[in-house]
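Some notes on the structure that comes next.
The values are calculated or read from the model by the stated rules, or taken from the named source; none is laboratory data. Keep in mind that what you see is a predicted model, and the values were worked out from it rather than measured. Using ideal geometry, Cβ is built from the backbone for each residue, glycine included, and neighbour counts are taken over all protein chains shown. To get the accessible areas, we keep the full protein, side chains included, count just its heavy atoms, and leave off ligands, DNA and RNA. Shrake-Rupley method; radii C 1.70, N 1.55, O 1.52, S 1.80 Å.
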Amino acid sequence: MCKIGVFDSGIGGLTVLEHLKKALPKEDFIFYADSLNNPYGEKTDEELFDITSNIVDYLSGRGCKIIVIACNTATTRCISYLRNKYPEIVFIGTEPAVKVACDGNYHNTLVLATPATIQSERLQILINDNKKKLNNVYLVPCFGLANAIELEDTKRQEEIINNIYQLYKEAEIDAIVLGCTHYPHIKDLISKYFKNVALLDGGEGVARETKKQMEKHGLITNKGTNDVEMIKTK
Ligand code: DGL
């Protein structure tokens, strides 16, 4: 039976997997947590192409015909490359929830993401496409944050969030886009500093899109039990 492949540089992708499990209760999943190569967000494109190709080889070897890239970094830097290289596989990406921020009509939005996502052409395109509806947007490359979450280093997490807060505390921030799938794991910490600020992530949209594409490509099995097989590289 065809399972849904899901991957990330570790525990970040679990925040997407939860939405996928809810949206597709009769499908099974293989979750590939590539903690060994964390952080993706501080690697070159060539390194990421190699790393993600290896994962796709593994998942397609296990029969996955649809792969959810539960990682903003791998999506913004590699999805076009992977779609070209593996035309037979359906790829679903995870992107910073800039569109959700537009729909909410916020005044001052912070986009927190890895350095690689912040520098990506794809994020620029997303922002340009939605420029008319966006007010002030601040892009913040969060060096070390995904890794501190992966390693459960709460002291380092707090230092990084506090530093960001000190920089933007006068900016009347009313929304924060969590542009890395690791960041929803520390929503409470972010809200401790940025009180009454909407925290936005793309997990629900990814699950909706996955279901839609599975229906379109005839990949729904309706025979699974919502099972998750975990593969960990470290
Ligand atoms: N969780 C990933 C993301 O959404 C990547 C974190 C990392 O490995 O740097 O960007």
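For the reader, a short list of remarks on this structure follows.
- Using the rule -39500 (n - 2.57) for each DSSP H run of four or more residues, divided by the residues of the chain, the 222 nm mean residue ellipticity is -13000 deg cm²/dmol.
- According to the Kirkwood relation over distinct C-alpha pairs, the hydrodynamic radius of region 40-101 is 12.0 Å.
- Phi to ³J(HN,Hα) by Karplus 6.51 cos²θ - 1.76 cosθ + 1.60 over region 209-216, Hz, x for Gly, Pro: 5, 4, 4, 4, 5, 5, 5, 4
- For the chain, averaging the sequence separation of C-alpha pairs within contact (under 8 Å, six or more residues apart) and dividing by the residue count gives a relative contact order of 32 percent.
- Set LYS3/LYS223; LYS187/LYS232; LYS65/LYS212; LYS22/LYS99; LYS85/LYS211 screened for pairs whose C-alpha atoms are more than 20 Å apart: LYS187/LYS232; LYS22/LYS99; LYS85/LYS211
- Residue by residue, region 119-127 carries 3J(HN,Hα) couplings of 7, 7, 4, 4, 5, 4, 4, 4, 6 Hz when phi is fed to the Karplus relation 6.51 cos²θ - 1.76 cosθ + 1.60 (θ = phi - 60°); x denotes Gly or Pro.
- Peptides 41-54, 3-16 ranked from most to least packed, by the mean per-residue count of other Cβ atoms within 10 Å: 3-16, 41-54.
- Amide H contacts of CYS71 (H built 1.01 Å from N, under 5 Å, at least 5 apart or other chain): THR94
- Per the Debye calculation on region 86-234 with a single equal scatterer at every Cα and no solvent contribution, log₁₀ I(q)/I(0) for q = 0.09, 0.10 Å⁻¹ amounts to -0.34, -0.42.
- Separation of the GLU229 and GLN166 label points, Cα + 7 Å toward Cβ, nm: 4.8 nm
- A simple charge model with +1 on the Cβ of Lys and Arg, -1 on the Cβ of Asp and Glu and nothing else charged puts the dipole of the chain at about 640 debye relative to its Cα centre.
- Stretching HIS217 away from GLU47 to a fully extended chain increases their span by 58.1 nm, per 0.36 nm per residue minus the current alpha-carbon distance.
- Figure legend: label point modelled 7 angstrom from the Cα of TYR138 along Cα→Cβ; residues of region 174-201 with amide N under 17 Å from it are 174-179, 190-200.
- The fraction of accessible area contributed by carbon and sulfur in the chain is 47 percent, rounded to a whole number (1.4 Å probe; ligands and nucleic acids excluded).
- Taking every alpha-carbon pair under 8 Å whose residues sit at least 6 apart, region 116-234 reaches a relative contact order of 19 percent.
- Here the translational diffusion coefficient of region 102-155 follows from Stokes-Einstein with Rh set to the Kirkwood radius across Cα pairs; for 10 °C and 1.306 mPa s it amounts to 127 µm²/s.
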